[in-house]
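Below you will find the structure I want to go over with you.
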Amino acid sequence: MKDDFIFGLRPVIEAIEAGKTIDKVFVQNALQGPIYAELKAILAKNKIRPNYVPVEKLNRFTRKNHQGVVAFISDVPFHKVEDIVPQLFEQGKTPFLLILDRLTDVRNFGAICRTAECVGVDAIIIPEKGAAPINSDAIKTSAGAIYNIKICKENNLAHAVDFLQQSGISVYAASEKAQKLIYDVNLTEPCAIVMGNEETGISKEVLHHSDEKIKLPIEGKTQSLNVSVACGAILYEAVRQKMTAVSNP
């Protein structure tokens, strides 16, 4: 982890000005002073939303003099979904996207990125806040696949869902409470799959904005799957449908 973050007001300012990709910034509650005012202006200019936290959380990252600021740096560039989608249509592709709603486990995130890249997902959409950090652990778990797939970081996932729908992309939310199985929807058309948080699932807002809820069949006594396993099963159903459509035009 030590190679993934920097701390201190001036080092964070310099990292942003140098064009480093900032994954997350944690700022001590009620931090003040002229240098912090400079940092705050730079964060706003670069559309980086800080997470305001108690000093105890910053102390868990480092015991050194962090001056109330810790920033996590990512080697992976971030994109915006409104830029990616038009490019996909211009290239003649059928958009195939994945939305991860507040997925927090780094290894689950890395494993999902690996599967998503293998099946040809065009981009993964994550929220600015509440998502797993894209650090060395995530990259290692993905076997480097994170470098080969576009990651879109969005301020509001519900708004991103609206944009996808307005662009002609159907959004399917994976929920164990759904009535419809994954085999009963058409995943060969432009679509996005939403996977939720490991504990609480998909947020109510994103669930409400989605076109349809879908689920995997569960036959055993255990009523849920690990999110990365469930995601892999759904993504490969999309692959199966696409291969079937090609062989049976």
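Would a scan of region 135-154 turn up a residue that is surrounded by fewer than 17 Cβ atoms within 10 Å (Cβ to Cβ), among the polar types (S, T, N, Q), more than 12 Å from the chain's Cα centre (by Cα) and in the same structural domain as ASP211 (by the TED database)?
Checked against the condition, which is being surrounded by fewer than 17 Cβ atoms within 10 Å (Cβ to Cβ), among the polar types (S, T, N, Q), more than 12 Å from the chain's Cα centre (by Cα) and in the same structural domain as ASP211 (by the TED database), region 135-154 yields at least one hit.
Out of GLN67, GLN28, which single residue is at positive phi, surrounded by 16 or more Cβ atoms within 10 Å (Cβ to Cβ) and not assigned by the TED database to the domain that holds SER175?
One residue alone meets the criteria, GLN67.
If you don't mind, another one. Report every pair of residues separated by at least 6 positions or lying on different chains whose Cβ atoms are under 6 Å apart, first residue within region 108-126 and not assigned by the TED database to the domain that holds ALA160, second in a helix (DSSP H, G or I).
none
Another question, if that's okay. So, restricting to helices (runs of 4 or more DSSP H) that lie completely within region 120-234, which ones have at least 2 residues that are closer than 20 Å to VAL81 by Cα?
Of the helices (runs of 4 or more DSSP H) lying wholly inside region 120-234, those with at least 2 residues that are closer than 20 Å to VAL81 by Cα span 157-166, 204-209.
Additional query: Does ARG60 qualify as being open to solvent by 60 Å² or more (accessible area, probe 1.4 Å) and either touching a residue at least 60 places away in the same chain (Cβ under 8 Å) or assigned by the TED database to the domain that holds ALA131 (or both)?
Judged against the criteria, ARG60 is not a match.
Here's something else I'd like to know. The conditions are (1) within 30 Å of LEU207 (Cα to Cα); (2) touching a residue at least 60 places away in the same chain (Cβ under 8 Å); (3) open to solvent by less than 70 Å² (accessible area, probe 1.4 Å); (4) not assigned by the TED database to the domain that holds ASP137, and ASP101 fails exactly one of them. Which is it?
Condition not satisfied by ASP101: (4).
Tell me, yes or no, whether region 76-84 has at least one residue that is within 21 Å of the chain's Cα centre (by Cα), among the acidic types (Asp, Glu), crowded, with 20+ Cβ neighbours inside 10 Å and modelled with pLDDT of 95 or more.
No, every residue in region 76-84 fails to be within 21 Å of the chain's Cα centre (by Cα), among the acidic types (Asp, Glu), crowded, with 20+ Cβ neighbours inside 10 Å and modelled with pLDDT of 95 or more.
The values are calculated or read from the model by the stated rules, or taken from the named source; none is laboratory data. Because the structure is a prediction, the values reported are computed rather than measured. Using ideal geometry, Cβ is built from the backbone for each residue, glycine included, and neighbour counts are taken over all protein chains shown. Each accessible area value is taken on the protein alone, full model and side chains, heavy atoms only, with ligands, DNA and RNA left out. Shrake-Rupley method; radii C 1.70, N 1.55, O 1.52, S 1.80 Å.
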